[in-house]
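Inspection log for the structure reproduced underneath, given as structure tokens.
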Amino acid sequence: MTAAPHLLDVEGLTISYQVKGRWLPAVRDFRLQLRRGQILGLVGESGSGKSTIALALLRYLSGNGRVEGGGTLRFAGDDLLRKSDAELRQIWAERIKFVPQNAGAALNPSIKIGAQVTEALRAASDIDRGEAQARMMRVFHDVRLVDPERVAQRYPHELSGGMQQRVTIALALICNPELLIMDEPTTGLDVTTEAAILDRLRNLIAEREAGVLYITHNLGVVAQLCQRVIVLYAGEIMEEATALDLFQRPKHPYTQGLISSVPQLGQSKRAAQLQAIAGNPPSLTRTPGGCVFADRCPAVIERCREQKPPLEKLGDGSLIRCFRWEETISMPPVPRPPQGRKGRKKPLPLNGGGVWGGGVESALLHAKNLSKLFPVARSLRELLARVEPAPIRAVDGVDLHVRAGQTLGLVGESGSGKTTLARLIIGLEERDGGSLELLGMDVRNSVRDRSQDVLSKIQMVFQNPQNSLNPYVTAGQAIRRPLIKLRGMAPAAAEAEALALLGRVNLRPEYAERYPDELSGGEKQRVAIARAFASDPDLIICDEPVSALDVSVQSAVLNLLAQLQDEGGAAYLFISHDLSVVGYLADRIAVMYLGQLAEVGDARQLFQPPYHPYTEALVSAIPIPDPRHSTERILLSDDLPSAQNLPSGCRFHTRCPRKIGEICEREEPPWRAGDGGHRIRCHIPLAELTTMQRRLTLADEA
């Protein structure tokens, strides 16, 4: 029997869901061909049907979903649509594995990691417990899990998010599957963790000759990982091409819009807005009769609205669904409008000459020597020995200054203390030491003890607006509350101001009557931003506000934040692990590691030598949305050390690729001052760091 020409061959797949008695097609006429050893990317906005396709390929749709007749779904030559449930379970156990986005939800919280992995292996193959344990350790090593013996004895909640994700990948790889379906497997992970996982995944796929369908909205990852890419919109394929062709010469206006939406390293809010895609995808109940992208397309003509363009196969093997692709591919890109300078509502203080480059004396927010310790419950052994465990030093002696009207970006891996620092400033956590001043006023420790004036001047936008908005309160009510409580407005005036705030975040007045579940992810975040601005704050803390959003929605939200800052003069403390996003919006950037700041400087300075060695690793791990780009990644050797048992000397020395000797282990590094208030905490002189890092950059360019 000859081997099937493709590992996965899908043709004419239509998937529908039953909603209120009607079957609505969510995916129409989907097709793909995946070879062994190939990584195929599937990209598109939320709601485009990516996860639906993943579940359909597994034959694991929910009860109200079905694959319509007429399509084919062949895996290694076998028609999966004709397989019984028992046959599918055997295929899932041995040959096809799925890696979900939420690793924490995918792991059983009541079973230790080792037992979960060996159970999956023994269910798929006839091996004894000892061989299963040995193979588990090999796979744990393959996915770069540190101290695998200890990991095997832990429960999922005892692992970091990055470690949980590596475990789910190990679960998928341990049976040597022929096909991996990965649905946003690294979304939300630090760039260093993501880079390590993707590099190892690429090598493992090449070694094992497996095929991968990689689903994501991260175009940088797609450019660096995938050989071919399918672009999906509103349940239909818009374009398919090699990664190189797709990013160099995107043919479909939707693909062009997605790529233009991604902030590039070096782009800044000072120069131009990001190129967001206007509008929203169509509802399942109102699928257009013509091109599904017509209402948002900058190149639309009447024919696009009246006729559905066919999926055309070109001579180079690529696919395109557009009447005008030959014209649009040669069109110059739409110029990005500059950020307007409309005149600030609040005057900015004069720039001072402080060592931080923003002027301590002119700072809106001045945090000095902030610290936060979390006590650790004693184990039984510690109770018997009457030993008090060391606390977790989440924030340890941080000085931070934010100037009015500017954005300070705060970056670092999970566990570095970024969110704890934000919670100290907003008052959701009480600091154990240090002082906090806002506009020269002492800020009380707890939010309960703060005056109404201070409460109105500091607001926060959270990562997940779904959790931060009350599901039983309309958008208008959510915005009116701070207007009444913090600004003392009468209800009628508050209602008028709430509508004006919705207009400022580009939402129509009717959105005031909508509940959160009636809004898209981007619309929810806009409401959350409008609510934050309602009290007329001087400082807004943004904790990962765009990390869960599609690139097109992300660019619109970033443009909005830049515009609102320019109009009103509010300052932002912007927390993110995406350095491209931070580089676009921030005026200055602070890099945090294990509760301390490692580097602070102008946003432009942090993307060119000298860097702190930790910053250098973060920058090298950024996935660039260009397949031609090649960077020598600096992969950090281990996970972040425990904040309960901090390394002596330089806290980064256990992972530092530029460690110079015992001095790094024994002595805390000094702050070294560069130009324009740029400061790096390192034993290596800045001139030597510059020489090392420029040599590496020149080697990469060569």
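The values are calculated or read from the model by the stated rules, or taken from the named source; none is laboratory data. Everything quoted here is computed from the prediction, not taken from an experiment. Neighbour counts are summed over all protein chains in view; Cβ atoms, including those assigned to glycine, are modelled from backbone coordinates with ideal geometry. Note: areas computed on protein heavy atoms with side chains; ligands, DNA, RNA excluded. Shrake-Rupley method; radii C 1.70, N 1.55, O 1.52, S 1.80 Å.
By DSSP, the beta bridges lying fully in the chain are antiparallel in about 60 percent of cases. Among the listed pairs Lys269/Lys372; Lys485/Lys524; Lys112/Lys524, a Cα-Cα separation exceeding 29 Å is found for Lys269/Lys372; Lys112/Lys524. Stretched out straight at 0.36 nm per residue, the stretch from Glu510 to Ala271 would grow longer than its current Cα-Cα span by 82.7 nm.
With R₀ fixed at 45 Å, the C-beta to C-beta distance from Val447 to Leu61 puts the FRET efficiency at about 0.50.
Each residue, Ala493 and Ala385, gets one label point 7 Å from its Cα in the Cβ direction; the gap between the two is 6.4 nm. Just so you know, the Cα atoms of the range 86-168 work out to an Rg and Dmax of 12.6, 37 Å.
Site pair Val376 and Asn280 shows an inter-label distance of 4.7 nm when each label is modelled 7 Å from Cα along Cα→Cβ. Here semi-axes √(5λ) of the Cα gyration tensor in Å was calculated from the structure, and among (1) 41, 34, 26; (2) 42, 29, 28; (3) 44, 32, 21 it sits at label (1). Measure out, as a whole number of angstrom, how far apart the alpha-carbon centroids of the range 530-584 and the range 615-653 sit. Computed from Cα coordinates, the inter-centre distance equals 25 Å. For the set Lys20/Lys251; Lys20/Lys50; Lys50/Lys457; Lys457/Lys659, the pairs lying more than 32 angstrom apart at their alpha carbons are Lys20/Lys251; Lys50/Lys457; Lys457/Lys659. For the range 531-662, give me the percentage of DSSP beta bridges that are antiparallel, rounded to the nearest 5 percent. Counting DSSP beta bridges with both partners in the range 531-662, the antiparallel share is about 55 percent.
Both radii come from the Cα set of the range 129-212: Rg as radius of gyration, Rh as Kirkwood radius; their ratio Rg/Rh reads 0.94. Using R₀ = 22 Å, calculate the FRET efficiency as 1/(1 + (r/R₀)^6) where r is the Cβ-Cβ separation of Glu207 and Ser630; round to 0.05. Computed FRET efficiency for Glu207 and Ser630 comes out at 0.55.
Rolling a 1.4 Å probe over the protein heavy atoms gives the chain an accessible area of 43 Å² per residue.
Helical content of the chain, expressed as a calculated mean residue ellipticity at 222 nm, amounts to -9500 deg cm²/dmol (DSSP H runs of 4 or more residues, -39,500 (n - 2.57) each, divided by residue number, nearest 500).
The alpha-carbon of Lys368 sits under 13 angstrom from the alpha-carbons of these aspartates and glutamates, leaving out residues fewer than 8 places away in its chain: Asp396, Asp399, Asp432, Glu437, Asp442. A DSSP coil position with no more than 14 other Cβ atoms inside 10 Å describes the following trypsin sites (Lys or Arg not before Pro) in the range 608-669: Arg628. Computed extension length for Glu149-Arg666: 183.2 nm, one decimal, from 0.36 nm per residue of separation with the Cα-Cα distance subtracted. In this simple spin-label model, placing a label point 7 Å from the Cα along the Cα-to-Cβ direction at both Thr72 and Glu430 gives a separation of 7.0 nm.
Positive-end ranking of Val443, Gly503, Ala478 along the dipole of the range 352-511, with charges on Cβ about the Cα centre, is headed by Ala478. The alpha carbon centroids of the range 26-96 and the range 182-249 are separated by 17 Å. Around the Cα centre of the chain, unit charges on the Cβ atoms of Lys, Arg, Asp and Glu (plus for the first two, minus for the last two) sum to a dipole of about 900 debye. Straightening the chain between Leu81 and Arg303 buys 76.3 nm, computed as 0.36 nm per residue apart minus the Cα-Cα spacing. Computed about the Cα centre, the dipole magnitude for the range 459-540 is approximately 120 debye when only Lys and Arg (+1) and Asp and Glu (-1) carry charge, each at its Cβ.
When the Cα positions of Ala603, His157, Ile277 are compared along the charge dipole of the chain, Ile277 comes out farthest toward the positive end, with charges on each C-beta of Lys, Arg, Asp and Glu.
Classify the range 242-281 as rounded, prolate or oblate from the Cα gyration tensor: take a ≥ b ≥ c as the square roots of its eigenvalues, call it rounded if a/c is under 1.5, otherwise prolate when a/b beats b/c and oblate if not. Cα axes put the range 242-281 in the oblate bin. Sequence-distant contacts, meaning Cα pairs under 8 Å at least 6 residues apart, place the relative contact order of the chain at 13 percent.
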